[in-house]
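First up is the structure itself, then whatever we jot down about it.
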Amino acid sequence: MTPPIISILITAYREPTTIGRAIEALQPQLDRIQARFGDRMNVVAVAVAVSQSQRRVKRHIAEHAPGYPYLWDERGAAVRAYQAATTSIVVLVDAEGKVAYTGVGGDQDLVAAVEHLLGAAPAP
């Protein structure tokens, strides 16, 4: 069975010195997801060019060393493909390419969403 591709669609990097409050808030969860489930899935972050620069995204990657790829979407194709109506959206895509979860903002429980998607027991 092909492992699910968990696509993290990141669309807001508006703060002048950080990648965005929501993404900064979610980064520890993304790190836990990668560490716990990296052998069962692929995480891909899509950085969409919305009032941001590649330099800011590269700085975030250098500071956090996420261990999964970030793709640069200069034209916003991912926003259109997922019909994202807002910024700081997270989209989880299952192995069949279907959207399995969407959420907005920094207070999402991404670990629980991935546990559900993969049928994994919650961490103790």
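Values in this text are rule-based calculations from the coordinates and carry no lab data. Note that the coordinates shown come from a computational prediction; the quantities given were computed from them, not determined experimentally. Because the Cβ atoms are built from the backbone with ideal geometry, glycine has one as well, and the counts that use them run over all protein chains shown.
For the stretch 60-124, the spread of Cα coordinates along the three principal axes comes to 40, 30, 24 Å, biggest extent given first. Would you mind counting up the charge near GLN29? Only other residues with Cβ under 12 Å from its Cβ, with Lys and Arg at +1 and Asp and Glu at -1. Residues close to GLN29 contribute a combined charge of -3. Within the shell of other residues whose beta carbon sits under 15 angstrom from the beta carbon of TRP72, the net charge comes to +3, with Lys and Arg scored +1 and Asp and Glu -1.
Loop-located GluC sites (Glu not before Pro) in the stretch 30-124 (DSSP state not H, G, I, E or B) with no more than 13 neighbouring Cβ atoms inside 10 Å: GLU74, GLU96.
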